[in-house]
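> Quick one: the structure is below, questions incoming.
The values are calculated or read from the model by the stated rules, or taken from the named source; none is laboratory data. Note that the structure is a prediction, hence the values are computed from the model and not measured. Here the Cβ positions follow ideal geometry from the backbone for every residue, glycine too, while neighbour counts run over all protein chains shown. We work out accessible area using only protein heavy atoms, side chains counted, and drop any ligands, DNA or RNA first. Shrake-Rupley method; radii C 1.70, N 1.55, O 1.52, S 1.80 Å.
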Amino acid sequence: MRAKPVLSSLRRLRWEVAAVAVILTVAWLLRSYQITSLPSGLHGDEAISGLVAQRILKEGYIGPYSTSAWGQPAGPMYLTAISVWLLGDTILAVRIISALLGTVTVLALYLVLRRNYSVSTALVGSLLFAVMSWHIHYTRIGLPLASWPLFVILAGGALAEAVRRKDAHWWAIAGVATGAGIYIYNAHPLFLLILAAFSALYFVGNVAVHYVRHKKLAPRKDLIRVGTMAVAIGITSLPMVQYATDESNKYSSHFDKVSVLGTTQWTSLDSTTERAAFIAGRYGQYWESVCCSFRPDGTDGIGVVPVVPLAMLLLAGIGAILGLLSRRPLAYFGLFVVLLMPFAPVFTHADGGMRRTFAIAPFVAMFAALPIAAILGLANVRGVRLNFAARTGLAALLVLVVGYQNLTNYFVKFAESGRQRWVFAQELTDAAKFMSQLPADSHVYFYSDRWSVRYETVRFLAPNVRAEDRSERFGKPGLDVDPSKGTPVFVFLGKYKPMVEEARRRYPQGVTALGNSAEITWRSTTGGPTFVAYVPGSDSIPTSTSRPLR
């Protein structure tokens, strides 16, 4: 008689494992398919990750923090160094680590939801997270940011276990995961404060409950548990703390540059009421920009389409209410994170607001999954019995609607957007690939009104190119060449592309090439060649990223 329940459990486990495998496969494909061509180029911040990786390969340990890009934690760049070592100075090397960590984060969310909710909640939540365009975007680009949600969800899951089990070991694990996040992204200290606030409320609440029940204070055990987490955070983050407290490192300079508190917009406010209204207004603007008010971000291209589709955000709002009613520690903590992390962009004025709140992405997926899982669990509504097919069909419809909106937004609207090609420097990326394949004796005369030839994208993709700027903005204009510097190669971008005709007239014997972004297979068009190159006195150009002009 016992064999049937055991077999039934094994069957359920088999199907659950199969479902998780499918979700992870979907997550990996969405983050890795044609990763070198969408986004269409290599952003300067991505190239900086590659340059820091090159430095790590040359020097070894460079410390917990890099001063590049206004300053950023260096943790994930050590992983990028491995991929650069294996794959070379390529876009794939810079981006593949993000895709891997993004897929692992989907698995981490499944495990955390499985521990705190039901199988259906875990499967739906991880699936919604797998197709979430916000998470897909940041895990397809080579920024250290991609691994931030992984440590946030691990910290949240460990904290939920700690509260539920009242076990100091889980408090310590939560502390280690939280402390590790400090090596990933500059906005993580706010998450640390949010966790501290949640822990303080837990401690005060437990003390109050104990007093009501027993008429005496007994905070020692709870204090030890919370203290264990604090010690774990301190030990884990010690190298970064040592770096930050050394004034010569100017660790706080990054925050000073982006803080809204130093702007005239803030200092001109005279009263506490005005400042409160200012903060409330910016907080509301943040949530409006998440779903409804599109403003492309010049730092990473986010905002070309909704960060979170309105349908998904509405489901998450309903889920937040269900989460509160469930009285689960993970739901309470998730709500803390979702409501408080937006204060990072509220108090900063530079682009990158969606980066600074990326930690909330897994919790948005979690909350959006709760009402769908609730539908799967319904047996009847007002006396009308719902069969399994009806419940499953309704839940599947909601998942399909949310998934379709996310995937269409990213792989159609975002992919075809000229804005993303502009942000990710498609023209410069194609030119850099071209220059990287030129013979060693070449000397490039580079014409661009937007980038110098020493911009990070070129420095990473074409580190050995010999070149000089000839644009009005960055160099000395003109078509004169110095043969002693090497075989001349003209590379024209942007408004300088028509100059190729003048170069032909001046140096009539030569070959012309047009950058055509041959690797890009999306339906979008660039509206013309991404660059025009001309090599006087030659009949061929050894490059696979250009085509001869006919």
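> Let me know the Kirkwood hydrodynamic radius for the chain, please, with Cα pairs as the basis and the value in Å to one decimal.
Working: mean 1/r = 0.0387 Å⁻¹.
This gives a value of 25.9 Å.
> Extending each Cα 7 Å along its Cβ direction at ASP270 and LEU92, get the distance between those two points in nm, one decimal.
With each label point 7 Å from Cα toward Cβ, the separation is 6.4 nm.
> Among MET341, MET499, what's the order by accessible area (1.4 angstrom probe), most exposed first?
The residues order as MET499, MET341, largest area first.
> Further question: How compact is segment 270-426 by the rule of thumb for globular proteins, expressed as Cα Rg over 2.2 N^0.38 Å? Working shown, then result.
Numbers: Rg = 18.4 Å, N = 157, 2.2 N^0.38 = 15.0 Å.
Taking N as the residue count of segment 270-426, the ratio is 1.23.
> Round to the nearest 10 and give me the degree value, 0 to 90, for the angle of helix 77-87's Cα axis relative to the longest principal axis of the chain.
So the inclination is approximately 50 degrees.
> Moving to a separate point now. Could you give the angle, 0 to 90 degrees to the nearest 10, between helix 148-165's Cα long axis and the longest principal axis of the Cα atoms of the chain?
Approximately 10 degrees, to the nearest 10.
> Here's something else I'd like to know. Could you work out the relative contact order of the chain? I mean the mean sequence separation of Cα pairs under 8 Å and 6+ apart, divided by the number of residues, in percent. Before the final figure, lay out each step's value.
Numbers: 868 pairs, mean separation 85.0, N = 550.
Relative contact order of the chain: 15 percent.
> Here is a further query. If you average 1/r over every pair of different alpha-carbon atoms in segment 13-170 and take one over that average, what Kirkwood value in Å do you get?
Values: mean 1/r = 0.0599 Å⁻¹.
Every distinct Cα pair counted, the radius reaches 16.7 Å.
> Using a basic spin-label model with each label point 7 Å from the Cα along Cα→Cβ, how many nm lie between ILE224 and GLU416?
Roughly 6.4 nm, to one decimal.
> Ignoring ligands, DNA and RNA, what percent of the 1.4 Å accessible area of the chain is carbon and sulfur?
On the way: 15910 of 25290 Å².
That share works out to 63 percent.
> Ignoring ligands, DNA and RNA, how do TYR455, TYR445 rank by accessible area with a 1.4 Å probe, largest first?
Numbers: TYR455 70, TYR445 0 Å².
Most to least solvent-accessible, the answer reads TYR455, TYR445.
> In Å², what does the accessible area per residue of the chain work out to with a 1.4 Å probe?
In whole numbers, the chain has 46 Å² accessible per residue.
> What list of ³J(HN,Hα) couplings, whole Hz, do you get for segment 257-274 from phi and the Karplus terms 6.51, -1.76, 1.60, once you set θ to phi - 60° and write x for glycine and proline?
6, 9, 5, 6, 5, x, 8, 5, 4, 7, 5, 6, 7, 8, 10, 4, 5, 5
> Further question on the same structure: Once ligands and nucleic acids are excluded and a 1.4 Å probe is used, how much of ARG454 is accessible, expressed in Å² to the nearest 10?
130 Å²
> Oh, and also: How big is segment 23-116 along each principal axis, measuring the range of its Cα positions in Å and listing the largest first?
The principal-axis extents, from largest down, are 42, 30, 25 Å.
> Same structure, new question: Could you give the alpha-carbon Rg of segment 93-161 over 2.2 N^0.38 Å, rounded to two decimals?
On the way: Rg = 12.1 Å, N = 69, 2.2 N^0.38 = 11.0 Å.
So segment 93-161 has a normalised radius of gyration of 1.10.
> A further question on this structure: Mind ranking LYS413, LYS433 by accessible surface for me, highest first, 1.4 Å probe? Before the final figure, lay out each step's value.
Numbers: LYS413 115, LYS433 35 Å².
Output order, biggest surface exposure first: LYS413, LYS433.
> First obtain the Kirkwood hydrodynamic radius of segment 72-126 from its Cα pairs, then insert it into the Stokes-Einstein equation at 4 °C and 1.567 mPa s, and state the resulting D in µm² per second as a whole number.
On the way: Rh = 12.8 Å.
Translational D for this selection: 101 µm²/s.
> Leaving ligands, DNA and RNA out of it, work out the accessible area of HIS169 with a 1.4 Å probe and give it in Å² to the nearest 10.
Using a 1.4 Å probe on the heavy atoms, I get roughly 140 Å².
> Please report, to one decimal in angstroms, the Kirkwood hydrodynamic radius of segment 48-96 built from all distinct Cα-Cα pairs.
Numbers: mean 1/r = 0.0954 Å⁻¹.
Computed over segment 48-96, the radius equals 10.5 Å.
> Measure nothing but the geometry: give the 0 to 90° angle between the long axis through the Cα atoms of 91-116 and the longest principal axis through the Cα atoms of the chain, rounded to 10°.
Roughly 10 degrees, rounded to the nearest 10.
> Then there's this: Using 7 Å Cα-to-Cβ label points, what is the ASP482/ALA396 separation (nm, one decimal)?
Result for the modelled spin labels: 7.0 nm.
> While we're here: Taking the Cα atoms of segment 262-327 alone, what are Rg (to one decimal) and Dmax (as a whole number) in Å?
Cα only, segment 262-327: 16.1, 45 Å (Rg, Dmax).
> Using alpha-carbon positions, what is the distance between the centroids of segment 418-438 and segment 298-356, in Å?
Spelled out, the Cα-based centre of one part sits 33 Å from the other.
> Over the chain, how many pairs of lysines fall under 29 Å by alpha carbon, counting only those 8 or more apart in sequence or from different chains?
18
> Could you rank the peptides 273-285, 225-237, 125-137 by their average count of other C-beta atoms within 10 Å per residue, with the highest value first? Before the final figure, lay out the partial values.
Details: 273-285: 13.2, 225-237: 19.1, 125-137: 26.9.
Going by the mean number of other Cβ atoms within 10 Å, highest first, we get 125-137, 225-237, 273-285.
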